[in-house]
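Engineer: So that we are looking at the same thing, I have put the structure below in structure tokens.
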Amino acid sequence: MKQILYALLIMTLFASCSKQVDTGTTTTPTDTTTKNTTPPNIMFYNVMDYGNVGVYLNNVSVASGGIAKYYPTGYNAGIVGTNQIMVVFSSDTVINQNVDLLAGKNYSCFVYRVGYNWKISIVKDDLTAPTTGNSEVRVLDFRTQAWFSYIGVNFFSPGNSPLIFNNRNFLDHESYSSYQSFNSMTSGTYTMTLFTTTANLATQSAILSSGKIYTFVLMTNASSTAAQALLNIQIEQSSNN
């Protein structure tokens, strides 16, 4: 009987020892949450024909001599969070505004004017590369002198599916964020036609290269009347990559 008790005691002691951590160490859970600190990038456009504007991002000039119409800047690195954008025209600071930019994102900032009021419009840029043989396209409307007029924009190339933007209107990309998105289409040479329900307003050739991303900006001459502006829309084609 004593032998049986001794055997049970030895087995119990062995089992207790086997429950100890073999390595003598403990494992601490790893925090896999990593804060993204990649700086955002922002490109600046002057879509008015009043002359060059000076633009400062966080108190640093982004273009020596200012930004002229038709000549957008390249992308400039901002900071994650609040960024200061200042616009100077004829030695006067016409805009001094703080904007929030997200880490790792790309943006375009458009400087424009309605009457005597200067404003900026910031849109997100998705720079995901198009597949081979395709381009990405969007149309943004800054027709300040004909802001009330709805128009359509048609990209047409024989043998390719057309891309049609219907009922475009001044700053519609701010009202409908989906209008900020780029649309995929087959690369090639297109005829870009601006139209209303009753007439064609303007045509322009647009060459879209494979793998490229384009923004088309619609503008009007500041000195034109509303009626004149509708018949003299200017189109700026710029590459985002």
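The values are calculated or read from the model by the stated rules, or taken from the named source; none is laboratory data. In this text, all values refer to a predicted model and were calculated from it rather than measured experimentally. For neighbour counting, all protein chains shown are included, and Cβ atoms are generated from backbone atoms with ideal geometry for every residue, glycine included.
Engineer: Please state which of the following conditions TYR107 fails to meet, knowing it meets all the rest: (1) surrounded by fewer than 18 Cβ atoms within 10 Å (Cβ to Cβ); (2) out of contact with any Ser or Thr (no Cβ under 9 Å at 6 or more places or on another chain).
Structural biologist: (1)
Engineer: I would also like to ask the following. Just to be sure I understand, how many residues within the stretch 71-113 are in a loop (DSSP other than H, G, I, E, B) and charged (D, E, K, R)? Even if it seems obvious, please write down each step before you answer.
Structural biologist: At the first step, the residues of the stretch 71-113 found to be in a loop (DSSP other than H, G, I, E, B) are 71-75, 78-80, 90-91, 102-105.
Still in the list and also charged (D, E, K, R): 105.
Going through the stretch 71-113 one residue at a time, the tally reaches 1.
Engineer: Only one of (1) exposed (fewer than 15 other Cβ atoms within 10 Å of the Cβ); (2) in contact (Cβ under 8 Å) with a residue 40 or more places away in the chain; (3) touching a Gly at 6+ places or on another chain (Cβ under 8 Å); (4) under 29 Å from VAL62 (Cα atoms) fails for ASP100. Which number is that?
Structural biologist: All conditions are met except number (2).
Engineer: Looking at the stretch 204-230, which of its residues are touching a Ser or Thr at 6+ places or on another chain (Cβ under 9 Å), of a type in the set (A, V, I, L, M, F, W, C) and farther than 22 Å from PHE182 by Cα?
Structural biologist: Of everything in the stretch 204-230, those that are touching a Ser or Thr at 6+ places or on another chain (Cβ under 9 Å), of a type in the set (A, V, I, L, M, F, W, C) and farther than 22 Å from PHE182 by Cα turn out to be ALA222, ALA226, ALA229, LEU230.
Engineer: Let me ask another. Go through the residues of the stretch 203-221 one by one and say whether even a single one is over 27 Å from the mean Cα position of the chain (by Cα) and either closer than 20 Å to ARG143 by Cα or of a type outside the set (Ser, Thr, Tyr) (or both).
Structural biologist: No.
Engineer: Within the stretch 31-55, track down each residue that is buried (at least 17 other Cβ atoms within 10 Å of the Cβ) and under 23 Å from THR144 (Cβ atoms).
Structural biologist: ILE42, MET43, PHE44, TYR45, ASN46, VAL47, MET48, VAL53, GLY54, VAL55
One line per residue, one yes/no per condition, for (1) assigned to a loop (DSSP other than H, G, I, E, B); (2) modelled with pLDDT of 95 or more; (3) touching a Ser or Thr at 6+ places or on another chain (Cβ under 9 Å); (4) under 29 Å from PHE89 (Cα atoms):
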| position | (1), (2), (3), (4) |
| --- | --- |
| THR131 | yes, yes, yes, no |
| PHE148 | yes, no, no, yes |
| SER161 | yes, no, yes, no |
| ILE164 | no, yes, no, no |
| MET185 | no, yes, yes, no |
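Engineer: Still on this structure: Please pick out the residue among LEU208, LEU231, LEU201 that is under 17 Å from ASN169 (Cα atoms), outside the structural domain of ASN76 (by TED's automatic domain parsing), crowded, with 16+ Cβ neighbours inside 10 Å and among the aliphatic types (A, V, I, L, M).
Structural biologist: Answer to the selection: LEU201.
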